[in-house]
Amino acid sequence: NDVITRFRQENENIKLNYIVNKTNLGSAKTRNVGIDASNGEYVTFLDDDDLYLPENLEKQVENMLKTGADYGLTDIILYYDDESLCEQRIRNYIKSYKKEDLIRYHLRYHLSGTDTLIFKKYYLEKIGKFGNIDFGDEFLLMLKAIENDGKFTYLPGCYIRAYIHRGEVGLSNGESKINGENTVFEIRKKYFGYLSKDDQKFVITRHFLVLAFAEFRRRKYFKAAYNGVRAFFVSPVNFLRHIKERKV
């Protein structure tokens, strides 16, 4: 691989373990292969079409050391291929690190974005690493991390460049995006006991809006409008809140 060869030539002081699966294992199992092959204390996950800014790892590791956390995350800002803004996920709603509050935040806002996550390796192994689904694997990982009472930390700020590809069919777009969001929504519903009625409406409204934006990105405008209307009639107040805050 020319990219790997060039990286090794230009970064002789960095040990790079390049692993190629014999068959396509999917994102979750492939990440587990990487976790098993790692020998450091911390593990992070960078998708192949995204970028870490130079200070990302330094800031996240410093924060982990300072707080003694087992896992944590940062904010995330998503861009389209032309560098125009897609959406922002600023986690300033995180006011408590109590288990029940973290589950509530996760159900409402989705505390993930694989590129923003950092874990101590031992804790990934303790919670069973990624599950056996590809879309929503990071949602389930964070849910397991919270449920197993690991120490959490949130570092404000975005130190990555993450991209959404217009019109591209893949896990983050297209039919797989729709099916995956529906699967994750069914999981969310099992935890509705943690939520008030207003929180439940918030989550349901968010779900329909996520579907609406996903359909819009793949130019399915009728389906986008349909899901937008569904979101509005579940809760007009939460519909307007989501649109204003763009936390979908």
Selected residue [under 17 Å from PHE208 (Cα atoms) and open to solvent by 30 Å² or more (accessible area, probe 1.4 Å)] from LYS120, LYS144, LYS189
LYS189
Take the residues of region 34-51 that are modelled with pLDDT under 95 and in contact with a Phe, Trp or Tyr (Cβ under 7 Å, 6 or more places away or on another chain): which is least open to solvent (accessible area, probe 1.4 Å)?
ASP50
Residue among ASN32, ASN24, ASN39, ASN63 that alone is of a type in the set (S, T, N, Q) and within 17 Å of PHE152 (Cβ to Cβ)
ASN63
Residues in region 212-238 that are open to solvent by less than 40 Å² (accessible area, probe 1.4 Å) and not acidic (Asp, Glu) total 9
If GLU138 meets every condition in (1) under 26 Å from ILE77 (Cβ atoms); (2) at pLDDT 95 or above; (3) among the acidic types (Asp, Glu) apart from one, which number is that one?
(2)
Name the residue that is farthest from HIS165 (Cα to Cα), counting only residues in region 214-233 that are in contact (Cβ under 8 Å) with a residue 40 or more places away in the chain and part of a loop (DSSP other than H, G, I, E, B).
ARG219
Only unsatisfied item for THR74, checking (1) over 22 Å from ILE164 (Cβ atoms); (2) open to solvent by less than 10 Å² (accessible area, probe 1.4 Å); (3) not aliphatic (A, V, I, L, M), is (1)
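Output the strands (runs of 3 or more DSSP E) that fall wholly within region 32-130 and possess 1 or more residues being touching a residue at least 24 places away in the same chain (Cβ under 8 Å) and β-branched (Val, Ile, Thr), or say none.
Strands (runs of 3 or more DSSP E) meeting the threshold: 42-44, 71-74, 76-80, 118-120.
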Search region 12-25 for residues that are under 13 Å from ALA37 (Cα atoms) and pair each with any residue that is of a type outside the set (Lys, Arg) and modelled with pLDDT under 95 when their beta-carbon atoms are under 6 Å apart and the residues are at least 6 apart or on different chains.
TYR18/ILE4
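The values are calculated or read from the model by the stated rules, or taken from the named source; none is laboratory data. From a predicted model like this one, the values you see are computed outputs, not experimental measurements. Every residue, glycine among them, receives a Cβ derived from its backbone with ideal geometry; neighbour counts consider all protein chains shown. Ligands, DNA and RNA are stripped out before the accessible areas are found, and what is left, the full protein with its side chains, is counted by its heavy atoms. Shrake-Rupley method; radii C 1.70, N 1.55, O 1.52, S 1.80 Å.
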